[in-house]
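K.L.:
The structure's right below; bear with me while I get my questions together.
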Protein chains: 2
Amino acid sequence: MVKKLTGPERQSALDQLTGWQNVEDRDAISKSFKFRSFIEAFGFMSRVALHAEKLNHHPEWSNVYNRVDILLTTHDVDGLSELDMQLASKIDREASR
Amino acid sequence: MVKKLTGPERQSALDQLTGWQNVEDRDAISKSFKFRSFIEAFGFMSRVALHAEKLNHHPEWSNVYNRVDILLTTHDVDGLSELDMQLASKIDREASR
């Protein structure tokens, strides 16, 4: 069973990531990514999709041409969990390939 | 050069599609799709992505788990064009596989 991160756990986890922002009206974090083309943007999404399915933890995301906006939250705990941090870390790694 | 559909052309084209709605605050059409799983939703998106790249016409879309929301518009004509109708038709075909 996944647990909601406490305030200090959340801060400490966020400090280890780059560019992820707290979302104003939801207990969630988000980040925007820009690529050179749709092919690169969707290639990135495809790699992230595989990680998400493997973790059984999925992003809320949107794509417009070369841009991908991603929001992470854990519905089961109504906030952030370790799963969000794991997925964020995978996402950042895939974005920087 | 792609042309903006006139009112009657647009209506006639929309009449040939099912479930696409005019978007309230933009000159665009949208439709929501629901699948049985993330795998099915993202599989659908992957097929649509290939069509989009081939047509060189891309959707604005978002995904949350098994749901995919798609908006189509043609920025170059500030409205709908034949490209939106072609892509909408491909999308519907892929959704019904």
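Any read-out appearing in this document is the output of simple, stated calculations on the displayed coordinates, not a laboratory observation. It should be emphasised that the depicted structure is a prediction, and the values quoted were computed from it without experimental measurement. Because the Cβ atoms are built from the backbone with ideal geometry, glycine has one as well, and the counts that use them run over all protein chains shown.
K.L.:
For the stretch A:7-96, with the dipole built from +1 on Lys and Arg beta-carbon atoms and -1 on Asp and Glu ones, taken about the Cα centre, which of A:81, A:42, A:58 lies farthest toward the positive end?
P.N.:
Value: A:42.
K.L.:
Extending each Cα 7 Å along its Cβ direction at residue B:1 and residue B:55, get the distance between those two points in nm, one decimal.
P.N.:
2.2
K.L.:
Just to confirm the numbers: residue B:46, label point 7 angstrom along the Cα-Cβ line, distances to the other copies in nm, shortest first?
P.N.:
Ordered by increasing distance: 0.7 nm.
K.L.:
Here's another thing I want to ask about it. Each label point is 7 Å from the Cα along the Cα-to-Cβ direction; what then is the distance between the points at residue A:22 and residue B:86, in nm?
P.N.:
Taking the two extended label points, one gets 4.8 nm.
K.L.:
Using the alpha-carbon centroid of each, what span in Å lies between the stretch A:1-28 and the stretch A:71-90?
P.N.:
First find each Cα centre; the distance between them is then 8 Å.
K.L.:
While we're on this one: Antiparallel DSSP bridges in the protein assembly as shown: what percent, to the nearest 5? Show your work: numbers first, answer last.
P.N.:
Values: 35 of 35 bridges.
DSSP beta bridges in the protein assembly as shown are roughly 100 percent antiparallel.
K.L.:
How far, in nm to one decimal, is residue B:12 from itself in the other copies if the label point is set 7 angstrom along Cα toward Cβ? Shortest first, please.
P.N.:
6.7
K.L.:
Go through the stretch B:22-63 and name the trypsin sites (Lys or Arg not before Pro) that are in a DSSP coil and have 11 or fewer other Cβ atoms within 10 Å of their Cβ.
P.N.:
Taking the stretch B:22-63 and a limit of 11 other Cβ atoms within 10 Å, the loop trypsin sites (Lys or Arg not before Pro) found are B:36.
K.L.:
Let me ask you something else. Which Cβ of chain B lies nearest the axis of the rotation superposing B onto A, and at what whole-Å distance?
P.N.:
Whole-Å result, nearest residue of chain B to the axis: B:62, 2.
K.L.:
Okay, moving on. Relative to the longest principal Cα axis of chain A, at what angle does helix A:82-95 sit, 0 to 90 degrees, rounded to 10?
P.N.:
Taking the Cα atoms of chain A, the angle to A:82-95 is about 20 degrees.
K.L.:
How far is residue A:96 from the same spot in each other copy, in nm, shortest first, if each label point sits 7 Å from Cα toward Cβ?
P.N.:
Reported distances to equivalent positions: 4.6 nm.
K.L.:
Can you tell me the convex hull volume per residue for the protein assembly as shown, based on C-alpha atoms, in Å³ to the nearest whole number?
P.N.:
Numbers: hull volume 24.8 nm³, N = 194.
In the protein assembly as shown, the Cα convex hull volume per residue is 128 Å³.
K.L.:
Let me ask something additional. Can you check what the net charge comes to around residue A:97, using other residues whose Cβ is under 12 Å from the Cβ of residue A:97 (Lys, Arg +1; Asp, Glu -1)?
P.N.:
Numbers: positive: A:47, A:90, A:93; negative: A:40, A:92, A:94.
Combined, the nearby Lys, Arg, Asp and Glu give 0.
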